[in-house]
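Laboratory data are not the source of any read-out in this text; all were calculated from the coordinates shown. Note that the coordinates shown come from a computational prediction; the quantities given were computed from them, not determined experimentally. Please note: Cβ atoms are built from the backbone with ideal geometry, for glycine as well, and neighbour counts cover all protein chains shown.
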Amino acid sequence: MINRGPVKSNESEEDYLESILLLSEKLPYVHRIEVAKKIGVSQAAVNKAVKLLCERGYVYEDGKHLYLTEEGRDYASSVYQKHCVIRGFLIAHGVSPASAEEDACKMEHLVGPETLNMMKKYVDENQKNFKKNS
């Protein structure tokens, strides 16, 4: 099992991985500058994070471009799925999409499996009910 360090480290790690994942779905290649802009940090911070992510086996690079390893993609995808469930749950409860997006970014690092499963079940059932009423 990989030691991922304290929670604060996980939050940062997850934010970088999620950003690389989302950028890789939109762009042919992911560069450090795009990650810095997306997260709102300096390139020096991205350089440091990328070095750690490479050491942990989540990311590799070819000098210019960043790529997720299979393990990195799986980890980033699980974080993003959490994000989407939480955002959907909040929106279903009347939170504005902008606030739900912002809050989901924070909550995705804290919500445990039981709570996430409850939220997912609610969102799934709510979507089914919405489709029936359309």
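Descriptive notes on the structure:
- Taking Cα centre as origin and charging only the Cβ of basic (Lys, Arg, +1) and acidic (Asp, Glu, -1) residues, the dipole magnitude of the chain rounds to 240 debye.
- Two-site label geometry, residue 105 and residue 125: point separation in nm, points 7 Å out along Cα→Cβ: 3.1 nm
- Greater than 27 Å apart at Cα, pairs in 26/48; 37/82; 38/64; 64/120: 64/120
- Of 90, 27, 65, farthest towards positive along the dipole that unit charges on Lys, Arg, Asp, Glu beta carbons give the chain: 90
- Normalised alpha carbon radius of gyration of region 31-72 [divisor 2.2 N^0.38 Å]: 1.07
- Working from the Cα coordinates of the chain, the gyration tensor eigenvalues give, after taking √(5λ), semi-axes of 30, 16, 14 Å in decreasing order.
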